[in-house]
Amino acid sequence: MTSSVLRNITALTFLLSTFLGGVIYHIKHQVLDLEQRMQGINRQIINTNETIHILKAEWGYLNQPKRLQGLNNKHLQLRSIAHYQVASYQTFPTLVASRQHKGPDRIIVARKKEGSIAT
């Protein structure tokens, strides 16, 4: 081979290695940026999980039966449900939409057993 061919091959090899070095450098920095973003997202996930844990603990405290009973006694004065107040769906009277309906305060109820309509 002649010296000019060797020079050209050497120059081409130098340019190719320089280009590949630049590409590898660019990819390395992209990977580092992605790793930093991933670490930030992982920190956010950890913080969110800790917040969820705290909120579950607070919710458990707020739903303690003794605390709820105290709030009921203080603000609502609700009573316990008696056994005769519990009914199945079949025992409820059927609400009937009627053309005779003459106002927002009037509800028409069809009683199944009696066969009559009461207002």
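Quick note: the coordinates plus some simple rules give every number you see, no bench work behind them. Note that the coordinates shown come from a computational prediction; the quantities given were computed from them, not determined experimentally.
Observations on the model:
- If the chain linking Leu32 and Val86 were pulled fully straight, counting 0.36 nm for each residue of separation and taking away their Cα-Cα distance, it would gain 13.0 nm.
- Taking 0.36 nm per residue of separation and subtracting the Cα-Cα distance, full extension of the segment from Ile45 to Leu6 would add 8.3 nm.
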